[in-house]
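Here is the structure we will look at.
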Amino acid sequence: PRYRPDWASLDARPLPAWYDRAKVGVFVHWGVFSVPAWGSEWFWWHWQGQHNATYERFVRRRFPPGTTYAEFAPRFTAHDFQPRQWAQLFQRAGARYVVLTTKHHEGFSNWGSPVSWNWNSVDTGPHHDLVGELGEALRESNLRYGLYYSLMEWFNPLYLADKQNDFKTQSFILKKIMPELYDLVLKYKPDLIWSDGDWEAPDSYWNSTSFLAWLYNYSPVKDTVVVNDRWGRGCSCHHGGFYNCADKYRPGTLPDHKWEMCSSLDKLSWGYRSNMILAEVMDEVSMIEELVQTVSLGGNYLINVGPTKEGVIVPIFQERLLALGRWLETNGEAIYESQPWRVQMENTTDTVWYTSKGAVVFAIFLLWPRDNVLCLSSPIPSPDTQVTLLGFGGTLEWQEHPGKGMLITLPYMLPSPLPPQSGWAVKLEGVK
């Protein structure tokens, strides 16, 4: 075996190259929480873990007295789930990988887990293997498949007993978590495992290092699988494959480790909410800004949608994803397979960000300059420097900036009362 079950050894494993090259992924939060479709995917916890009065009132108003969370499961029908349509949408969005919640903190598994009797999507609700069906469709579309898996389960008696024992016992791990993780890997051969729900206990309780040693040494995906950093209290941002650090994490400066920014189109929730309003949905400009800033700083961008209980990705989410895809069709050359440049952003402004590929540098500007002249102080031009605008034919004129850097004359934009949409990329060849 190449890797020992300790962090020093596991952290030395090189990250499979496909992940850094991919840059863009789609996250999908789908489960029994899509039935109440209210508040957030933490519905059960707010309702019965915290006894939050607004959640209790919501259930009283909408459901018969004495309703339990388990009674929501049969209503999680996935009647309109079309995995191929999802895969086509994600592909058109420019995603190179997709991460699905196989099980959130509620413990309901979206496949026929052998140790989750009657609390899984095959025995109840959809009566389908959602993990398997989506995986098949994604692979037909040449998309990489990631599986999100929550280690903890709020109300699982085995977990609660271990917690009571200060995590000195491991019956939840041995009877539930390990069998499920091995089952997911052997059955679906994921490209990525996105672990979560780890923060209450140390990695020694979760058995993280032995599982990862098996994954890297013996599993069917040992050479290609990528994992994140949520494997126990204190692991985040320190151990594992790529780092998530925290939801919606923005480092501000270039980290020295591969990382990922996960963000959600619904600014208030990861799961679907039936009462979501337009102002709560991220707009195209913010999405492109997040993507550009993330990739310039060496990160991957994972954008989340929450489907309905029927399995519909609502039109406003589709529209946003397709807008991202259209932008990437024009500007993807500056994003996919790129590397951070020696300068990540113009020091004068955070509206110009850089990426690079070999000797080629891309300057991505988020605001169109008023006078159609783009001023860049970081690149050092040479007599051979050539400048093109992605999505626009022909080369652009440029001159050396009296101070330092260069002034680039952009194509003339028609006057319009509205500012043009966000994000254009100039390709600079022959600069230092």
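The values are calculated or read from the model by the stated rules, or taken from the named source; none is laboratory data. In this text the structure is predicted, and so the values were computed from the model without any measurement. Please note: Cβ atoms are built from the backbone with ideal geometry, for glycine as well, and neighbour counts cover all protein chains shown. For accessibility, only protein heavy atoms count, side chains too; no ligands or nucleic acids. Shrake-Rupley method; radii C 1.70, N 1.55, O 1.52, S 1.80 Å.
So here's what we get for this one:
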| read-out | value |
| --- | --- |
| Gain in span if fully extended, T409 to A17, counting 0.36 nm per residue against the direct Cα distance | 137.4 nm |
| Charge dipole (debye, nearest 20) of the chain; +1 at Cβ of Lys and Arg, -1 at Cβ of Asp and Glu | 380 |
| Rounded percent of accessible protein surface that carbon and sulfur make up, the chain, 1.4 Å probe | 53 |
| K432 versus T169: modelled label distance in nm, points set 7 Å from Cα along the beta carbon direction | 6.8 |
| Under 15 Å, Cβ to Cβ, from F33 - net charge with Lys/Arg +1 and Asp/Glu -1 | -2 |
| Residue-count net charge about D223 - beta-carbon cut-off 13 Å; Lys, Arg +1, Asp, Glu -1 | +3 |
| W398 - accessible surface, heavy atoms, 1.4 Å probe, Å² rounded to 10 | 70 |
| Mean residue ellipticity (222 nm) of the chain, computed from DSSP H runs ≥ 4 via -39,500 (n - 2.57), nearest 500 | -7000 deg cm²/dmol |
| In Å², nearest 10: area of R57 left accessible to a 1.4 Å probe | 110 |
| Sequence of D196, D11 when ordered by accessible area, the most exposed leading, probe 1.4 angstrom | D11, D196 |
| Shape of region 1-81, Cα gyration tensor, a/c cut at 1.5 | prolate |
| Distance histogram in 5 Å bins (all Cα pairs of region 178-295, percent per bin) | 2, 10, 17, 18, 17, 15, 12, 7, 2, 0 |
| Fraction of antiparallel bridges per DSSP, the chain only, in percent to nearest 5 | 50 |
| Karplus 3J(HN,Hα) series, Hz, for region 108-113 with 6.51 cos²θ - 1.76 cosθ + 1.60 (x for Gly, Pro) | 6, 9, 8, 8, x, 4 |
| Solitary cysteines of the chain, where the nearest other Cys Cβ is not under 4.7 Å | C235, C262, C375 |
| For C375, solvent-accessible area (1.4 Å; no DNA, RNA or ligand), Å² | 70 |
| Spacing of the two label points (7 Å from each Cα toward its C-beta) at K222 and L268, in nm | 4.9 |
| Listed residues T101, T209 arranged by accessible area, highest first, probe 1.4 Å | T209, T101 |
| Correct choice for Kirkwood radius over Cα pairs in Å that was computed from the model, options (1) 23.2; (2) 27.6; (3) 21.9 | (1) |
| For region 23-89 and region 274-335, distance of Cα centres in Å | 22 |
